[in-house]
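Just so it is clear, none of the values below were taken in a lab; they were calculated from the coordinates. Only a predicted model underlies this, so the values are computations on that prediction, with no experimental measurement involved. FYI the Cβ positions are ideal-geometry reconstructions off the backbone, even for glycines, and counts take in every protein chain you see.
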Amino acid sequence: MAVEIIVNKNKCVGCGICLEACPKGPKIWKKDKDGKYIAYNTEDCHNCKICAGRCPKNAILVRRL
Ligand code: SF4
Ligand code: SF4
């Protein structure tokens, strides 16, 4: 599934809930060098949007391409 995951770096506080909540976890999410989280691999994403729903800062946008 072609999915785009955008993290608003200005909102992200680096809590890691996105990685913990995602069914694919570290296959998709990792901490960036600046302490924020990025979805480095969107190929395994199935667009469930759990990450976006669980992010306490509403920093994640998931959309199908
Ligand atoms: S859950 Fe939200 S605030 Fe926390 S690391 Fe992920 S994107 Fe950042
Ligand atoms: S939409 Fe679902 S599978 Fe995709 S990154 Fe978020 S939690 Fe993981």
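Taking Cβ atoms as reference points and 13 Å as the exclusive limit, the residues near Ala21 contribute a net charge of +2, counting Lys and Arg as +1 and Asp and Glu as -1.
If you take every DSSP beta bridge fully contained in the chain, what fraction is antiparallel? Give it as a percent rounded to 5. Show your work: numbers first, answer last.
On the way: 8 of 8 bridges.
The antiparallel proportion sits near 100 percent.
Each Lys or Arg adds one and each Asp or Glu subtracts one; over the other residues with Cβ under 15 Å from the Cβ of His46, this totals +2. If R0 equals 35 Å, the separation of the Cβ atoms of Lys36 and Arg64 corresponds to a calculated FRET efficiency of about 0.90.
For the chain, the extents of the C-alpha atoms along the principal axes are 28, 19, 18 Å, listed from largest to smallest.
Computed extension length for Lys57-Ala2: 17.3 nm, one decimal, from 0.36 nm per residue of separation with the Cα-Cα distance subtracted. Amide H contacts of Lys30: Ile38, Tyr40, each under 5 Å away and 5 or more positions distant or on a separate chain (H built 1.01 Å from N in the peptide plane; Pro and chain starts excluded).
Cysteines of the chain lacking any other cysteine Cβ under 4.7 Å from their own Cβ: Cys12, Cys15, Cys22, Cys45, Cys48, Cys55.
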